[in-house]
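All of the numbers you see were taken from the coordinates with simple rules; none came from a lab. Here the structure is a predicted model, which means the values were calculated and not measured.
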């Protein structure tokens, strides 16, 4: 049975992780993104293990995220932090928080709207423009600034915008 001290410590760790931003989309925390899969408290008060799942295998931001996790936790007094990358189950956009999806839209990136991804799906998708709200949009490229995003353009305001692809 977990003690209230353990529950408080785990909540504190989650709160700290909420301050660690995704280096590619800084408006999102790694908690918003859904890559933090677990926290394991160790017997030593300043030791713990964090399990994270990359948004896709080989994601170049994972090393930076792990470094930022270590720094944030060290600043809070957690001196022995082990970070495990887990590949199974594979990360899915379903793990993103609703707050994270709202933050994406406010940042100008359309949040994922479905559970499947393929090029035909993207070509037929009438994505809501995060700039003006129009659904009169078109796919420009199935890849954008990162492999996890596609590039769309609004036919009404003519602005390009990223769409965070479903995985």
In Å, descending, principal axis extents of the Cα set of region 4-91: 34, 26, 19
Do the sum for the chain: with -39,500 (n - 2.57) for every DSSP H run of n ≥ 4, divided by all residues, what is the mean residue ellipticity at 222 nm, to the nearest 500 deg cm²/dmol? -8500 deg cm²/dmol
Taking 0.36 nm per residue of separation between residue 40 and residue 134 and subtracting their Cα-Cα distance, the length gained on full extension comes to 29.4 nm
Highest GNM mean-square fluctuation among 53, 135, 92, for the chain with Cα springs under 10 Å, belongs to 135
Averaging sequence separations of C-alpha pairs under 8 Å and six or more residues apart, then dividing by the length of region 106-164, give the relative contact order as a whole percent. 32
If you fit an axis through the alpha-carbon atoms of helix 98-107 and take the longest principal axis of the Cα set of the chain, what angle between them do you get, 0 to 90°, nearest 10? 50
Relative contact order for the chain: what percent, with Cα pairs under 8 Å and sequence separation of 6 or more? 17
Alpha-carbon spread of the chain, three principal axes, descending order, Å: 57, 28, 27
Expected max-MSF residue from 89, 54, 130 in the GNM of the chain (alpha carbon, under 10 Å) is 89
If one computes the Cα centroid of region 123-138 and of region 75-92, what distance in Å separates the two points? 36
Residue among 88, 141, 97 with the largest mean-square fluctuation in a Gaussian network model of the chain, springs linking Cα atoms under 10 Å: 88
Using 0.36 nm times the number of residues separating residue 90 and residue 7, minus their current alpha carbon distance, what extension gain do you get? 27.1 nm
